[in-house]
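Colleague: Encoded as structure tokens, here's the structure I'll be asking about.
The values are calculated or read from the model by the stated rules, or taken from the named source; none is laboratory data. From a predicted model like this one, the values you see are computed outputs, not experimental measurements. Neighbour counts are summed over all protein chains in view; Cβ atoms, including those assigned to glycine, are modelled from backbone coordinates with ideal geometry. For accessibility, only protein heavy atoms count, side chains too; no ligands or nucleic acids. Shrake-Rupley method; radii C 1.70, N 1.55, O 1.52, S 1.80 Å.
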Amino acid sequence: MRPGYVSTGMTSNKPRSFDTLTIEECVEGIIRDIGIEENTYGHWRHQIQNYAIESLPLFIFHFVNMNFIV
């Protein structure tokens, strides 16, 4: 299980957006993938984000991560 942001106390109840799931959305996606996928991101939106991040050259990923991720 490798979800991105989920709106919980750990994310200061970050509001739902493209990169933030509700608990219900995450659980629904995880349950849907049980027995089908070896790894799950919890929702298709997080899967798209992960593919986009993995396709970035490493130096760009590090630059963005160090300068823009709070």
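Colleague: Calculate for the chain the 222 nm mean residue ellipticity that helices alone would give, adding -39,500 (n - 2.57) per DSSP H run of length 4 or more and normalising by residue count, nearest 500 deg cm²/dmol. Provide the component values of the computation, followed by the final result.
Modeller: Numbers: 3 runs with 34 residues, N = 70.
Computed mean residue ellipticity for the chain: -15000 deg cm²/dmol.
Colleague: I would also like to ask the following. Where only protein heavy atoms count, and the probe is 1.4 Å, what is the accessible area per residue for the chain in Å²? Could the numbers behind the result be given before it?
Modeller: On the way: 5390 Å² over 70 residues.
Per-residue value: 77 Å².
Colleague: Okay, next question. Taking the Cα-to-Cβ direction at Phe68 and at Met1 and moving 7 Å from each Cα, how far apart do the two end points lie in nm?
Modeller: 3.0
Colleague: Could you tell me whether the chain comes out rounded, prolate or oblate from its Cα gyration tensor? Rule is a ≥ b ≥ c as square roots of the eigenvalues, rounded for a/c under 1.5, then prolate if a/b exceeds b/c, otherwise oblate. Write down the numbers at each step before the final one.
Modeller: Values: a/c = 2.80, a/b = 1.32, b/c = 2.12.
Verdict is oblate for the chain.
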